[in-house]
Each structure stands twice: as structure tokens, then as C-alpha cells.
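Readers should treat all values here as calculations from the given coordinates under stated rules, not as data from a laboratory. As the structure is a computational prediction, the values presented were derived from the model and not from experiment. We place every Cβ from the backbone using ideal geometry, glycine too, and count neighbours over all the protein chains shown.
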Amino acid sequence: MEKENLFGKTLTELQAIVADLNLPKFVAKQISDWMYKKRVSSLDEMRNISKQAKELLAEKHKVSFTSFSNVQESMDGTKKYLFPVKPMQFIEAAYIPENDRATLCVSSQVGCKMGCLFCMTGKQGFQGNLTSGEILNQIFSLPEFDKLTNIVYMGMGEPFDNLDEVLKSIEILTADYGLGWSSKRITVSTIGIIPGIRKFLNQSNAHLAVSLHNPFEAERKQLMPIENVYHLPKVLDEIRSFDFNNQRRVSFEYIMFNGVNDQTRHINELARILNGIKCRINLIRFHPIPGTPLETSSNETILAFQAGLKKKGIVTTIRASRGEDIFAACGLLSTKELVKQQKNEEY
Ligand code: SF4
């Protein structure tokens, strides 16, 4: 039987495991200190835990990290790390250094079931949820771990489709028993899953990013099937009902598609529907993917769109494209081809 990995367990979960083995409660805290503060990757290395306790734990449990199996580096310094998860399942994480920041974009699922028209991960389909440990492994196994300033959950998958594991991973990143990071260094992105937004806002303090991409429901539906389930006005009502003071931020991601969502009427409608929400819009150049008729808006159009939104009083930034040459940029993460290759090699 496969041993259960303790890495990725919250302190409460560790306490339950330790209690089951009739070990003293403080052993759970010792384990979390070794894993999350000292970042050791085996029970053997936990020096202040008794031999007997380690033997009991090791009967059904282990502590291990998974190293990345490949890394690609972009001309702009972005690195894309590939991590094996299960046989024939891989995920990618993008490390993005810039000036005094270093951001890691992590995956929360293998593939994704949301089917957004503009996204390679969506085209890959869904292969499974990541555990909290598998999410955190992307961070802890990163060679640049010590340089990280920010984590964004914007890699493969819809985080609110795997919210419990995402919340556990955020707890471990921010808790005193874990890394003790400020939750202001963490941003989680969603396409607008309302129950997930509610739970996330109530159970964490991390920033929220919502993929908006079109303010008109009928047009948004063409890009994002989720609009059939959770309508944008209801998503915005949910956000409006929450108090975003105390430095917590909500931002909206807006990929610019030529002739699709980049006209003056879109600016006007964005200003109308976002009225009353203290937020920022991030404009993102579209990175073309095979099999979609979508094209990116021109630089002039993106600049004009930004100016139009600013005139309406909406803080708007244009997100720099990073890692496009290694398919690490927004919407380009996919491990589908890799799985195909591996299958071919096996036959
Ligand atoms: Fe899934 Fe996000 Fe891609 Fe949509 S954009 S298919 S939610 S990974």
C-alpha cells in the first residue's frame, strides 16, 4: 500500500494522525516544524522525534518532496518547471523574476474541466485534482525558493474547483506553524465560481483575481462556458457584498481579443458593471493557441483601452507578457503533448 505523505497536511491533520498512533500531541508540531520551517524531506532527518515515534509514523506515512523533471528558461528569465504528479500526469509552474519581485505561478489541478476557449490547459481536459502537498511541492521544491516574494494560483486548473486543497495549502503558507508568509503575498484566480468565492473570502485573507474577459454575458459565454452556470452580475454581487478593506485586493483579469472584447462599448459596460467595486483591471495580451480563431488586440488598441478605462476612474495596468517563447505565459500551460510523447515511447 502506498504510504501517505505527511507533507501538505495542516497542523490539525497532523495532530489527528499523531493522536491515532497514541503519540504525544507535541509531535505534530515537531513534524510541521521540520517539514515547513526546516524543509526536510524525510522522517529520518527529524532529529528531535524519538526513534520509536518515527517507526510508528513510518508504518503508514512518509515525508517526501518530488523534484521537477524538466525546466525551460525563457529569454526574459522566466522559468517553466515540470513536475510529475502520478504516472502520466504532469503539472507546470512558472517562475517569474522581475526587479525586486519573484513570483511563482502554481497549478492547482492536472488539466482543467472549465473549457475556456482561449486556454491550452482547458484544451487538455481534466485529469485530476492536486493535493495540498502537490500544490506546495511546486513551491518547496523550487530551486529559487528563497527568492520568492509572491505566489499566484494562476497555473493549470481552476483553484475553486479544488478549493479545500487550495485553502489547506494557503493555510500552510501563512500559518505560524508553516511558512508564516503574509497572505498579501498570495493571489488566487478564479473564473467566477460563486460558492468558491464566498468560501475563499471567508476562510482566507489572500487576494482574489477574477477572470472577466468580457462584460456582456452573451459574449462572455462564447469565451467561457462557466457563464452558463454562474452569471457575471451574480459574481459581482458576491464580490460587492464583501468588505475589501484591510489591504485585501480584488482584481479583474482581462485578456484582449482583437474585435471581440476591445471596443468602446466594452469600456463603457465594464465601468457600469464594476461601479462601486474598488478594484484594478489587468489587461493581458492574448497569446495565440492552436485551434482558436481568436487573435490578440494590437498594442495601440490595448493602450487606448487602458486609457478609456482610466478615464472612467478604473485603475488599469497592462500585464507584461512573460515566458511566451517557452509556453509559460498566461493561458499556455499544458502537459497534453508530453503525455502523448510518453505514451508513444512506451509502445
Ligand atoms: Fe481552466 Fe483557467 Fe484555463 Fe479556464 S482559463 S480552462 S479555468 S485553466
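Pick out which of Asp243, Asp325, Asp100 has the largest mean-square fluctuation in a Gaussian network model of the chain, springs linking Cα atoms closer than 10 Å.
Looking only at Asp243, Asp325, Asp100, the biggest GNM fluctuation is shown by Asp100.
Magnitude of the Cβ-charge dipole of the chain, K/R +1 and D/E -1, about the Cα centre, nearest 20 debye?
Working: 43 positive and 39 negative charges, 164 e Å.
Dipole magnitude for the chain comes out near 780 debye.
For the chain, compute Rh as the Kirkwood radius over C-alpha pairs and then the Stokes-Einstein diffusion coefficient at 10 °C and 1.306 mPa s; write the answer in µm²/s, rounded to an integer.
Working: Rh = 21.3 Å.
D, rounded to a whole number, is 74 µm²/s.
Less than 12 Å Cβ to Cβ from Met224, Lys/Arg counted +1 and Asp/Glu -1: what total charge do the surrounding residues give?
Values: positive: Arg220, Lys221; negative: Glu158, Glu217, Glu219, Glu227, Glu253.
Net charge around Met224: -3.
With the cut-off at 1.5 for a/c, could you classify the stretch 59-135 from its C-alpha gyration tensor as rounded, prolate or oblate? Let's see the in-between values first.
Numbers: a/c = 2.05, a/b = 1.15, b/c = 1.78.
Here the stretch 59-135 falls in the oblate category.
With r defined as the distance between the Cβ atoms of Ile277 and Ser64 and R0 fixed at 51 Å, what FRET efficiency is calculated, to the nearest 0.05? Working shown, then result.
Details: r = 43 Å, r/R0 = 0.85.
In this case the efficiency is close to 0.75.
If the stretch 1-96 were replaced by its equivalent ellipsoid, with semi-axes equal to the square roots of 5 times the Cα gyration tensor eigenvalues, what would those be, largest first, whole Å? If you can, show how the numbers build up before the last one.
Values: eigenvalues 204, 42, 24 Å².
Rounded to whole Å, the semi-axes are 32, 15, 11.
Before rounding to the nearest 500, sum -39500 (n - 2.57) across all DSSP H runs of length at least 4 in the chain and divide by the residue total; then give [θ] at 222 nm in deg cm²/dmol.
That calculation yields -9500 deg cm²/dmol at 222 nm.
Which lysines have a Cα less than 29 Å from the Cα of Lys79, not counting those fewer than 8 places away in the same chain?
Partners found: Lys9, Lys37, Lys38, Lys113, Lys123, Lys147, Lys168, Lys184, Lys336, Lys340, Lys343.
If we sort 108-118, 247-257 on the protection proxy, mean other Cβ atoms within 10 Å, highest first, what's the order? Display every interim value, and only then the final one.
Working: 108-118: 21.5, 247-257: 19.8.
Highest to lowest by the protection proxy: 108-118, 247-257.
Residues of the stretch 1-40 with amide nitrogen under 18 Å from the 7 Å Cα-to-Cβ point of Gln52?
Zone members listed by number: 18-28.
Can you order the peptides 297-305, 6-14 by their average number of other Cβ atoms within 10 Å per residue, highest first?
6-14, 297-305
Charges at C-beta only: +1 for Lys and Arg, -1 for Asp and Glu. How large is the resulting dipole of the stretch 1-105 about its Cα centre, in Debye rounded to 20? It would help to have the intermediate numbers written out before the result.
Details: 16 positive and 14 negative charges, 72 e Å.
The calculated dipole for the stretch 1-105 is roughly 340 debye.
With a 10 Å cut-off between alpha carbons and a GNM built on the chain, which of Asn258, Asn282, Asn70 moves the most?
Highest fluctuation of the listed residues: Asn70.
In terms of modelled amide H atoms, which long-range or inter-chain residues lie less than 5 Å from the amide H of Val110?
Amide H to amide H, under 5 Å and 5 or more residues apart or across chains, Val110 pairs with Gln127, Gly128, Asn129, Leu130.
What Kirkwood hydrodynamic radius do you get for the stretch 233-347 when you take the inverse of the mean 1/r over all pairs of distinct Cα atoms, in Å?
Details: mean 1/r = 0.0610 Å⁻¹.
Evaluated on the stretch 233-347, it is 16.4 Å.
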